[in-house]
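The structure appears right after this line, and notes come after that.
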Amino acid sequence: MDPSLIVGALLGVGLIGFLLFIRAQDLPKPEPVSPFKHLDERKAVIYENLRDLQFEYRVNKLSDEDYQTTKIELQKELARVLAEVDRIKAELGVRPVAALAKPAAPVKHTCPSCGAAFEKALKFCGECGKPMEVAS
Ligand SMILES: [Zn+2]
């Protein structure tokens with residue numbers, strides 16, 4: 001057997017293994033869906049615009065007035081984005097508590113006459129014997 005064939009085969013196997021290894025490394029990790037993602041992107045754009053604005057102002061492309069007006073607009077928008085982030089954070093902080101506070105107990109059937117509650121829908125109240133409405 002020609003030893004160069006074996007070497008070639010080994011190299012081939014090694015190369016495939018190497019490529020598979022690289023592929024596995026390159027696979028995108030599943031990103032957690034963040035409710036702040038679009039806001040973060042928006043924030044990044046505003047920061048970029050502010051940088052551009054400062055640059056243009058420095059190279060005298062903008063008048064003082066244009067610079068100030070645009071800067072204030074961008075800062076206002078940034079404040080809106082930050083407020084939205086705070087609002088979502090507050091909402092996320094509150095929601096699990098509200099979900100926990102919700103009763104997980106099964107729906108009770110309450111007697112309209114005496115107010116006794118029963119797990120099952122009954123034709124007649126087990127407490128006072130009066131007919132019970134079947135709750136829908
Ligand atoms: Zn009753």
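The values are calculated or read from the model by the stated rules, or taken from the named source; none is laboratory data. These numbers come from a predicted model, not from an experiment. Every residue, glycine as well, gets a Cβ built from its backbone with ideal geometry; the counts of neighbours run over all protein chains shown.
Data table
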| quantity | calculated |
| --- | --- |
| Positions within region 107-136 being within 10 Å of the ligand (Cβ to nearest atom) and among the aliphatic types (A, V, I, L, M), in sequence order | A116, A117, L122, M132 |
| Lone qualifier among R51, R23 - being loosely packed, with under 11 Cβ neighbours inside 10 Å, under 39 Å from the mean Cα position of the chain (by Cα) and modelled with pLDDT under 90 | R23 |
| Hits in region 108-124 - residues which are part of a loop (DSSP other than H, G, I, E, B) and touching a Phe, Trp or Tyr at 6+ places or on another chain (Cβ under 8 Å) | K108, C111 |
